[in-house]
Structure formats: C-alpha cells, structure tokens
1. Right, residue B:120: over 30 Å from residue A:163 (Cβ atoms), buried (at least 20 other Cβ atoms within 10 Å of the Cβ) and free of Cβ contacts under 8 Å to residues at least 60 places away in the same chain or not?
2. Taking the condition within 11 Å of chain A (Cβ to nearest Cβ), modelled with pLDDT of 90 or more and touching a strand residue (DSSP E or B) at 6+ places or on another chain (Cβ under 8 Å), does residue B:133 pass?
3. Any idea how many residues of region B:77-104 are away from chain A (no Cβ under 13 Å) and part of a helix (DSSP H, G or I)?
4. Given the criteria under 25 Å from residue B:104 (Cβ atoms), part of a strand (DSSP E or B) and more than 16 Å from DNA strand C (Cβ to nearest atom), does residue A:107 qualify?
5. Please state which of the following conditions residue A:203 fails to meet, knowing it meets all the rest: (1) within 9 Å of DNA strand C (Cβ to nearest atom); (2) in a helix (DSSP H, G or I); (3) without any contact (Cβ under 8 Å) to a residue 12 or more places away in the chain.
6. So residue A:189 ticks every box in (1) under 11 Å from residue B:202 (Cβ atoms); (2) in contact (Cβ under 8 Å) with a residue 12 or more places away in the chain; (3) near DNA strand D (Cβ under 8 Å from one of its atoms) but one. Which box is left unticked?
7. Of everything in region A:53-76, what is in contact (Cβ under 8 Å) with a residue 12 or more places away in the chain and either outside the structural domain of residue A:19 (by TED's automatic domain parsing) or in a helix (DSSP H, G or I) (or both)? Give them in sequence order.
8. Kindly indicate whether any position in region A:146-153 is within 16 Å of DNA strand D (Cβ to nearest atom), modelled with pLDDT under 90 and either in contact with a helix residue (DSSP H, G or I) (Cβ under 8 Å, 6 or more places away or on another chain) or facing chain B (nearest Cβ under 10 Å) (or both).
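The values are calculated or read from the model by the stated rules, or taken from the named source; none is laboratory data. All figures in this text were calculated on a predicted structure; none of them were measured in a lab. Positions of Cβ are generated from backbone atoms using ideal geometry, with glycine treated the same way; all protein chains shown enter the neighbour counts.
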DNA sequence: CTACAATCCCCCATTTGGGGGGTATCTGAT
DNA sequence: ATCAGATACCCCCCAAATGGGGGATTGTAG
C-alpha cells in the first residue's frame, strides 16, 4: 500500500453527488475510497468492518439520523478518525454543533473538487480546513462573545498582573515579566484584593474569571 | 481607482519581513499597500490619516503594545476594517484572544506569499481564512468544550475540596468544614494538581473554572 | 491642590507546595 | 477468590510564597 494513501469514506445521501465524489477520488492519488454510505446508520456498520479508515466525509442533511448526530458515533467507534463535514448547511448553529461534536473540518458543498482534495490533504497532515464562509461564521461567533464588556474595576496594570497570577506565576516571576520589583507586584495585588473585596488569590481569581 | 483594489496596511516589526511583504504586494494586483508600521502605536497614528483602508495585516509579537492589544484599538478607529493576524504565535490562547478581539483571519508566518494574498482576497470578499494549524487549534478548542460534562478528572471529594479552595479557604479551614485533617486536605490537593497537570492554586482554579 | 496609579521598601506570621512516609476500604479484572 | 489500583485518610520536614501591617516617592489627570 502506498504509504501516503489517504483512505476515505463518503457518507452522503445525494446519489449523484456521492458517485461523483467517488469517481473523482478513485481517479485521484493518493485517495482511496474505502466505502460509501447513504446514511449514518449504514456508514457506522461499514466502519466497524474497516479499521483502516483515515477520514470520513459526512453530509449533514441525511435521512434518518442527521450527520450532526452521527459525528460522535463515528468518533466513538474510531476516535482518531477525522470527520470532515461536507454540506450546504452554513448556519452558525450547525457549524458550531459539528465542531463541538468533534468534526475536524467543515467544507461547503459549493467547493471545487480539487479544493476538497486539498482540504483532505491538510486534514490528513494534522491541520484543519474551513471554507471561507464557514470560517467567517466562526470568527463572528467569537467576536460576538467578546461584546459582553466586563466591569472595569481593575486598572490596566492590575489586569496585567491578574492575568499573570492566573497563569500561576509567583510575585517574583510576575515582577520579572513586567520588569518591576516584586514588592510593587505585591502592592498591586493588595490593591486588587481591596478592589475585588477579597483577601486571597483564590477568591480573586474566581471573582475575576466569573465575569 | 480600480474597483477591485484591496488596500492594505502592514504592521510588523521585523523589517526584513515587512519590506518583503511590501515589495510583494506592491508588485501584485490588486493590492495596494497604503502604509506600513513597526508598532501598533505608529500604525494607529497612520490609520487616522488613511480612512480608505480595507485590511490591516498585524503581527502579534510587537515591541511595546502587542498586536493582541492592538486589535480592538484598530477596530475602534475603523470598525469595518478587517484585521488579519499574520504571526508565528500559534498557541490556542493567543489565537482565541485574537478572534475574540475581532480579528478576521489568523495566518501563520510560515505561509507562502501567494497563499497570504489568496487569504486577503477571501477576507476582502467577506470570508475568512485560517492556516490549517490554526484552524486545528480552533476545532480542538470546540471539541474540548463539548467534553465539559465528561470532565470528571476530579473525584467527588476532590471537587468538594476544589470548591472550598475557590472560596478562599485555607487547608485548615477546608479540613474543619469537611471534618478531616488538614494533612488530608493537602494530600487531596496534591492529587488534584497532579490530575489537572498544574502545580499551584492559581492554575488549578483557572483550569477548573475554565471548563 | 488632590486623588490616584504606579513604583518601591521592611517586618513577620501564616500558608503553600514538594518531598517523603504510611493505613484502610472498595472495586473491577483476572 | 484474589489482587492491582483507586480513593480517602493521616503524618513529618522544610523551603518558598503569600498576606497584612506599616511606610515612601513619583507622575499625572481632574
């Protein structure tokens, strides 16, 4: 067997698209289509019989069990399997759910076959590929999360020290990082405790991280 | 002006890399380098004078203010500006922070220039590009999040002690609350640190609260 | 002028973390 | 039935870190 063979499976209910993909990958090195399925259920059964699989290309809009529900099941049978979502659903909710369930990549069906192949190469070498529109949804998600502005009870210097404290630094290592004296760090931390109405590191971190 | 012109700015302290990028983009259509800067501070000043900017390419490891801190400032001056991080820092923490601050894309410095250009095209047309290794960090982050319920790294006793520790109790006050010896509390906490792969209270609390 | 952030210093008791050592149950796998 | 492993429990030593109490000087913004 070719050492750089990439063994894939296709789980897709649209027969035309599925056979198209299979044809393409059958003709394209170094891909090897181990099996195809038109549902999660059938895919799972076939997966049991083929433990040499690298990547499963999974659609979301499947009859019966959805691809979204299927992800954890595939990962359960073979945890090191890379699940690549190939679908036309691009809503944030579906994307996030897929990623949370353990999908490695999320590719739009509009993507050209060569680009899908390139994505699979990336995945096989330990990376991850996101279609531009999908990636945009993800960054939007993160940016939204930040909009919750938190209380400005700490000065910028105090925040800086707080962050370093959370990383487990001692007063002196914080001092070194900020090029100030450990005594100064201590003074700042005293002040932090006063501002947060606490009197030790544990409570301070808890309070700081809670908001 | 060419309607498909992409007006970019480079904020990067490594002079060689910066001039390289500038040369490349100066020669490559449809890019136009509006200005370059070697620090966030200088970049912000120049941004005020150029309101026709589309994208800023920003390094993270800058002297003075870090790129991470700079992102919100750039977005504040010009909210519709797309901030593209181009850096060699690939730690999850930095990546997430950048995305939360409003970065649109995050590209590894190891990326070929043509690919960077292609990423900028994607960003300019409303998408987002992530380097494979970066994207992988992001999906890992999501996958971890899902395991939060399954995060039973701590036994029930350890959890109990952890909660009391977060409230700021000392070993002896935890001992009193649980009617055991302080030495036992200490043993438990040692074990907690082992399980969480940390070695002090601060990191333990941060890790415990993060999930 | 005043308040406040940021910097620095000393003293000293308490807490912590890391290194040992141990016993008693309970559970799951052989 | 037994036995390894996990869990909970207890103890000692000692260096390092922390926290609380004093104090001080700058610079800056209101």
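1. Taking the combined requirement at face value, the residue does not satisfy it.
2. Yes; evaluated as a whole, the condition is true for this residue.
3. Looking only at that region, the number is 1.
4. yes
5. All conditions are met except number (1).
6. (1) is the only condition that residue A:189 fails.
7. A:67, A:68, A:69, A:70, A:71, A:72, A:73, A:74, A:75 - these are the residues of region A:53-76 that are in contact (Cβ under 8 Å) with a residue 12 or more places away in the chain and either outside the structural domain of residue A:19 (by TED's automatic domain parsing) or in a helix (DSSP H, G or I) (or both).
8. No, region A:146-153 has no match at all.
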